[in-house]
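Asker: Pasting a structure below so you can have a look.
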Amino acid sequence: MSNKVLVVDDSGTMRKIIIRSLNAVGLTDIVEAADGSEGLLAFQQNSFNLVMTDWNMPNKSGIELTSDIRATGSSVPIFMVSTEGEKGRVLEAIKAGVTDFLVKPFTADNLRDKLTKYAAL
């Protein structure tokens, strides 16, 4: 079975960086979305093994997207990928249902280390 990943970020360049990092750790079945609204629509139309989302985006933030995904009853791992690395912000994300946090910039090795915590990936 292929692991399907949803990558949500309003920066096309950042989506490419995240996808390159995912590819480097062997994850190649990837759907992209440019904001939280597109991400929620993609989530509703597909089955994902992992969601990676930016925090600050137009239309719907990563926190709002996370809350919406959790409201569906889904326990899919959600990684917040953000420059927002302060402890209070990380705790806010975890309270909203984020599974783990990656602070930008990150490397494929950082991502691999995070992913090893989740046996399904």
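Read-outs: derived from the displayed coordinates by stated rules, not from any lab. Since we're looking at a predicted model, the values are computed, not measured. Here the Cβ positions follow ideal geometry from the backbone for every residue, glycine too, while neighbour counts run over all protein chains shown.
Asker: What is the sum of charges around E92, taking Lys and Arg as +1, Asp and Glu as -1, for the other residues whose C-beta is under 13 Å from the C-beta of E92?
Answerer: Details: positive: K87, R89, K95; negative: E64, E84, E86.
After counting each charged neighbour, the total is 0.
Asker: What pairs in K16/K87; K60/K117; K4/K60 have C-alpha atoms more than 24 Å from each other?
Answerer: K16/K87; K60/K117
Asker: As a test of the formula, what do you get for the chain when each DSSP H run with n ≥ 4 contributes -39,500 (n - 2.57) and the sum is divided by the residue count, at 222 nm and rounded to the nearest 500 deg cm²/dmol?
Answerer: -12500 deg cm²/dmol
Asker: Taking the chain as a Gaussian network, Cα atoms linked when under 10 Å apart, which of A34, A71, A108 shows the biggest mean-square fluctuation?
Answerer: Looking only at A34, A71, A108, the largest GNM fluctuation is found for A71.
Asker: Among G73, I63, L111, whose Cα lies farthest out toward the positive end of the dipole of the chain, if unit charges sit on the beta carbon of Lys, Arg (+1) and Asp, Glu (-1)?
Answerer: L111
Asker: Same structure, new question: Given a 10 angstrom Cα cut-off, can you work out which residue in G39, G12, G62 is the most mobile in a GNM of the chain?
Answerer: Among G39, G12, G62, the largest mean-square fluctuation in the Gaussian network model of the chain belongs to G12.
Asker: Beyond 20 Å, what percent of the Cα pairs of region 4-115 remain? Don't jump to the answer; show the numbers that get you there.
Answerer: Details: 1873 of 6216 pairs.
Everything past 20 Å amounts to 30 percent.
Asker: What does the charge dipole of the chain about its Cα centre add up to, to the nearest 20 debye, if the Cβ of each Lys and Arg holds +1 and the Cβ of each Asp and Glu holds -1?
Answerer: Dipole magnitude for the chain comes out near 300 debye.
Asker: Could you tell me the center-to-center distance, by alpha carbons, between region 1-34 and region 80-121 in angstrom?
Answerer: Spelled out, the Cα-based centre of one part sits 15 Å from the other.
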